[in-house]
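Accompanying notes for the structure given below.
Readers should treat all values here as calculations from the given coordinates under stated rules, not as data from a laboratory. Small disclaimer: the values here were computed from a predicted structure and weren't measured. Counting neighbours? That spans all protein chains shown, and the Cβs are built from the backbone with ideal geometry, glycine included.
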């Protein structure tokens, strides 16, 4: 797939997720949990298994499949250095002494990532929890506002 096709596919996926989020079907609770779960899975250190895990979670917890799977695609290649850095940073805060102090430009290869695996895994789970909570809150607020707008329009 070339870059142009890749961008087109990404735009289509994003459009599908937004359309599903703003659709009238499904509850705010289900949609909010679907987005939060997808983002959590997308930022978890299970690279290569995120989509499979999102599919399984959406069936297991009866979530909106499109939102869960679409939200799990948060770890796009341009964001991976920031995800790795944030994971090491949060892991260092949690683990304290003995933690690796990463500089964003110093992570150059896979060996740099594996040296502090416990710090990375701990940090990535904390980062996933924080970002998924924020994503869930933002989703809920968007859906609540959309519902109020619909009620206002139908009342007039």
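With neighbour counts taken as other beta-carbon atoms within 10 Å, the residues 34, 154, 133 rank, fewest first, as 154, 133, 34. For residue 76 and residue 149, a Förster radius of 30 Å and the Cβ-Cβ distance give a FRET efficiency of 0.50, rounded to the nearest 0.05.
For each of 131, 121, count neighbouring Cβ atoms within 10 Å of the residue's Cβ, then give the residues from fewest to most. Kindly include the intermediate steps, with their values, before the conclusion.
Details: 131 18, 121 14.
Fewest to most other Cβ atoms nearby, the residues stand as 121, 131.
Given their separation in residues at 0.36 nm each and the Cα-Cα distance between them, residue 46 and residue 12 gain 9.8 nm when the chain is fully extended.
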